[in-house]
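A short reminder: the numbers here are calculations on the coordinates, not readings from a lab. Computed from a prediction, not measured in an experiment: that's the story for all the values here. No Cβ is skipped: glycine too gets one built from the backbone with ideal geometry, and neighbour counts run over all protein chains shown.
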Amino acid sequence: MDKMNLTKHISSQFNEEIEQVRNHVMAMGGLIEQQLADALNAIASSDAELARQVIANDLKVNDWEIKIDHECTRIIAKRQPAASDLRLIMAIIKTISDLERIGDEAERIAKVALESFNSAQQDLLVNLDNMGRHVAQMLHDVLDAFARMDVEAALAVHREDRKVDREYEAITRQLMTYMMEDPRSIPKIMNVLWSARSMERIGDRCKNVAEYIVFLVKGKDVRHADDEKLEQDARS
């Protein structure tokens, strides 16, 4: 990031404040990565205690968002940053909002582990776990791209979201079929369905963060752009 001069500023104090905020974003991201991993492990091992821990730790995620948001607001008020410095702060504010929502989705996923499933229903959780591992990798990769301000890595994450959408559609069809065959399973399977939806949303949030990286590095707002235009803007 330093090589792009995005954090170089006439005030050394400003540089230190920006670097601290970036470190806090990565700490928040690390916590959310752990939250998602724990939620998935809680489902895979039917570990109710681990699930409760994920639910309790969501408060820590919320605290991080508030803390970083306040830091960014204070920097804007005190330093009145311009150009790339302001883009960085705006990208951070948007990123932590999406990260907090990923934390919320991890909490919802963990709640599935508090349910009891019969052996046939457990088979459905295997595909849910596969999708969960996919979005967990997306989260890891987009945080790494954010740390390095790597546009190409961000684009790779952005493309992965299409695969997650296809996985979600496949799981939804499978769950619908199961519910039609065994109506008594509907309440429990609906919880699995909502968890699959949470994972799909995590993919969407990771895609959003990838777009913020393009905005920060290239100064171009690529939200709502089609894939072809997004990649053109990111590489121009």
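Worth pointing out:
- Per-pair calculated FRET efficiency, R0 = 35 Å: SER12 and ALA44 via Cβ, rounded to 0.05: 0.15
- Spacing of the two label points (7 Å from each Cα toward its C-beta) at GLN232 and ARG184, in nm: 5.8
- Each part reduced to its alpha carbon centroid, the stretch 188-231 and the stretch 64-128 end up 12 Å apart.
- Degrees between helix 151-181 axis and first principal axis of the chain (Cα, 0 to 90, nearest 10): 20
- With a simple spin-label model that places each label point 7 Å from the Cα along the Cα-to-Cβ direction, the separation between ARG159 and HIS224 comes to 2.6 nm.
- Derived scalar couplings ³J(HN,Hα) [the stretch 29-35; Karplus, 6.51 cos²θ - 1.76 cosθ + 1.60; whole Hz; x for Gly, Pro]: x, x, 5, 5, 4, 5, 4
- In the stretch 2-235, Rg over Rh equals 1.04, where Rg is the alpha-carbon radius of gyration and Rh the Kirkwood radius from pairwise Cα distances.
- Phi to ³J(HN,Hα) by Karplus 6.51 cos²θ - 1.76 cosθ + 1.60 over the stretch 49-66, Hz, x for Gly, Pro: 5, 5, 4, 5, 5, 4, 4, 5, 6, 4, 4, 5, 4, 4, 5, 4, 4, 4
- Placing R0 at 41 angstrom, the Cβ-Cβ distance between GLU169 and LYS78 gives a FRET efficiency of 0.30 after rounding to 0.05.
- Peptide ranges 206-212, 222-228, 69-75 listed from the most packed, as the mean C-beta count within 10 angstrom indicates: 206-212, 69-75, 222-228
- Among GLU19, GLU33, GLU167, the largest mean-square fluctuation in a Gaussian network model of the chain, built with springs joining Cα atoms closer than 10 Å, belongs to GLU19.
- Folded to 0 to 90 degrees: helix 83-112 orientation relative to the chain principal axis, Cα: 10
- Mean separation of Cα pairs under 8 Å and 6 or more residues apart, divided by the residue count, gives the chain a relative contact order of 24 percent.
- Among 35-42, 142-149, the order from most to least packed when residues are scored by Cβ within 10 Å on average: 35-42, 142-149
- One decimal place: the segment GLN137-LYS60 gains 25.5 nm when fully extended, by the rule 0.36 nm per residue minus the C-alpha distance.
- Shape metrics for the stretch 134-213, restricted to C-alpha atoms - Rg then Dmax, Å: 15.4, 50
- Förster radius 30 Å - calculated FRET efficiency between GLN53 and GLU19, Cβ distance, rounded to 0.05: 0.45
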